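The values are calculated or read from the model by the stated rules, or taken from the named source; none is laboratory data. Source: prediction; values computed, not measured. Here the Cβ is made from the backbone with ideal geometry for all residues, glycine too, and neighbour counts use every protein chain on show. Side chains are part of the model used for accessible areas, which takes the heavy atoms of the whole protein and leaves out ligands, DNA and RNA. Shrake-Rupley method; radii C 1.70, N 1.55, O 1.52, S 1.80 Å.
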Amino acid sequence: MKVDLPSDLEPYKRTAAFTQSTVPAGLLADHSTKDGVWGLIHVEEGKLRYLVTDPRRASTDEVLTPDTAPGVVEPTILHRVEPIATVTFHVEFLRDPQHGGKKTAPADQGEQS
């Protein structure tokens, strides 16, 4: 299922680059972003499997590479990632500037993506 980002989102935070060795355990398990927070998973090098596991959506299993579009993370939808061999990636977080409007302190794993 292809998910399009709403047009009024603004980026507000980005994680550090993760590798297959440094990806936080929380990103490898099912997790979600907060309400109103979208994510874009950008693969800089290698391959990363992106799985949407939320029962509210059709399950998806995509392989992201530097040549594919970023993986789109919907607010509150359960998902996880799995490195495929050597990979470097980061997550960009976006939100509607009208949705809450306040900036939050970054968590260890970003906003959970």
Filtered residue count, segment 3-49, keeping only those that are open to solvent by 80 Å² or more (accessible area, probe 1.4 Å) and of a type in the set (Phe, Trp, Tyr)
0
Six or more apart or on different chains, Cβ atoms under 9 Å: show the pairs whose first residue is in segment 58-84 and outside any strand (DSSP E or B) and whose second is open to solvent by 60 Å² or more (accessible area, probe 1.4 Å) and acidic (Asp, Glu).
THR65/GLU45; PRO66/GLU44; PRO66/GLU45; THR68/GLU62; THR76/ASP35; LEU78/ASP30
Can you tell which of ASP54, ASP67 is more than 15 Å from ARG14 (Cβ to Cβ), modelled with pLDDT of 95 or more and open to solvent by less than 20 Å² (accessible area, probe 1.4 Å)?
ASP54
Pair list, Cβ < 7 Å and 6+ apart or interchain, from segment 17-39 residues that are on the phi > 0 side of the Ramachandran plot to residues that are in a loop (DSSP other than H, G, I, E, B):
GLY36/ASP96; GLY36/HIS99; GLY36/GLY100
Going through segment 70-79 in order, the residues found to be surrounded by 15 or more Cβ atoms within 10 Å (Cβ to Cβ) and of a type outside the set (A, V, I, L, M) are PRO70, GLY71, GLU74, PRO75, HIS79
Suppose we filter segment 19-45 for residues that are within 12 Å of the chain's Cα centre (by Cα) and either part of a strand (DSSP E or B) or more than 16 Å from HIS90 (Cβ to Cβ) (or both); how many remain?
12
Search result, residues across segment 58-89 that are of a type outside the set (A, V, I, L, M) and closer than 10 Å to GLY39 by Cβ:
PRO70, GLY71, GLU74, PRO75, HIS79
